[in-house]
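Read through the structure below, which is laid out as structure tokens, and then see the notes.
The values are calculated or read from the model by the stated rules, or taken from the named source; none is laboratory data. Every value quoted in this text rests on a predicted model; they were computed, and no experiment measured them. Glycine also receives a Cβ, built like all others from the backbone with ideal geometry; neighbour counts cover every protein chain displayed. When the accessible area is computed, the model is the full protein with side chains, heavy atoms only, and any ligands, DNA or RNA have been set aside. Shrake-Rupley method; radii C 1.70, N 1.55, O 1.52, S 1.80 Å.
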Amino acid sequence: QMTFDQVIWTDKMRAIFSDDAPVIHLCGAMGTSKTLVAGLLFFDRIYNAPPNVNQFAIIGVSSVLAKRNFIDKADSLYNIHRGLCTEYSDGSKAAAGSHFCIRGKHGKKIVYIAGADNKTSYTNILSLDLGGILLDELSVLHPDVWREAYGRVQRLAYPGWLITTTNGGNPTQEFYPELVNHATVMFRDTVPKIELDEMVGDRADEHYYHFNLQDDCPHKTAEQTERLVNSYPVGSFYYYSKILGCRGFSEGALYAPLLGDTQLVSFADLNLDAFEEIVATVDVGASVNGDDTSKSHTIVALGGYTRQYHRVVAIASKKIASIEHRDIIDEAETWLYPYWLKFYGKFKAILIDKADYKLVSTWQNHTRWRGKI
């Protein structure tokens, strides 16, 4: 369990800790302690909150991940300040849901924890008069979550606040043009140009801080940082998102140039009994023009696990010419249909690149195979 005096402070962290902006975005590379800093800032603001403000919330991708990041981890705000926190309740015996309390300077403060995967839970919490909200992993939260959270902060009669964390997302995601891009950039000299070029910065009281693997990892050795840097191929979406901490670009769709229309195992030769299950995957390309060969197109690939999951077999792939989401779905499912008929109950799922969350949600609503997406 980490103690407060073990935290290694940088100038950027000190600036964030003393920043009283009502909206603060902590964006950037993985492994740069964004969650740690967000948690410490969140706790400090709650501890000093006035007597009439006593409800706060943490919302993550899921309640499990939110609990892991902010309760269970050794460097969580809960463990670092354990002496000032009451016992965490998972909500099973409490009408209030998952929560714990902080013994603040002006009385006891309640911190609710919810996952964005449970609409009833996060909706109930966001309907409260919350003094402050922490949104973890902004790029993978449903837009309804951060729109409602931001709106709540603006509507409060007393000065509410919002803290967010995120790695780089897809540049087309709404949280950039609607929220993050408007914040004033702090420590501009450490922010990659690819990020600065997109920042509007027209809201002086909302602040953006970028974390990178060179300046914001005092707790990591050079070898650990190098290992991180080499963990994703240069130019891939995840290199932009996780290593540079920038909005990523799908021109690097890694396997699209290698696949195209490929039949690796002929349809007639497929042995039904040889497979445990079949899975389709969708890699979303960057092209917005079906005739454009300079950018990658969307690829659907089909693979199977053999009996007792001994091997993975690449069966076939299809380059999707369509651009619009509904057209992509129709074209992909038409191509997949003969395989679905052949394998039927063994066809388990269609796994879609989450970088394009709109396609995921559209596909879930319009697929011919409910429950497979």
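The combined condition, being more than 16 Å from residue 164 (Cα to Cα) and among the acidic types (Asp, Glu), is not fulfilled by residue 20.
Can you confirm whether residue 3 is of a type in the set (Val, Ile, Thr) and under 17 Å from the mean Cα position of the chain (by Cα)? Can you show your working first?
Working: of a type in the set (Val, Ile, Thr): yes; under 17 Å from the mean Cα position of the chain (by Cα): no.
Taking the combined requirement at face value, the residue does not satisfy it.
Quick one: would you say residue 260 is open to solvent by less than 20 Å² (accessible area, probe 1.4 Å), at pLDDT below 75 and either at positive phi or under 17 Å from the mean Cα position of the chain (by Cα) (or both)? Judged against the criteria, residue 260 is a match. Against the condition at pLDDT 85 or above and closer than 30 Å to residue 187 by Cα, how does residue 283 come out, does it pass? No; evaluated as a whole, the condition is false for this residue. Counting the residues of the range 306-355 that are in a strand (DSSP E or B) and surrounded by fewer than 18 Cβ atoms within 10 Å (Cβ to Cβ) gives 8.
Set side by side, the residues 16, 46 differ, and just one is surrounded by 15 or more Cβ atoms within 10 Å (Cβ to Cβ) and within 22 Å of the chain's Cα centre (by Cα), which is 16.
Of everything in the range 144-158, what is of a type outside the set (Lys, Arg) and either under 10 Å from residue 116 (Cβ atoms) or in contact with a helix residue (DSSP H, G or I) (Cβ under 7 Å, 6 or more places away or on another chain) (or both)? Give them in sequence order.
At the first step, the residues of the range 144-158 found to be of a type outside the set (Lys, Arg) are 144-146, 148-151, 153-154, 156-158.
Selection gives 144, 145, 146, 148, 149.
The single residue among 24, 80 that is in contact with a Ser or Thr (Cβ under 8 Å, 6 or more places away or on another chain), over 25 Å from residue 156 (Cβ atoms) and surrounded by 22 or more Cβ atoms within 10 Å (Cβ to Cβ) turns out to be 80.
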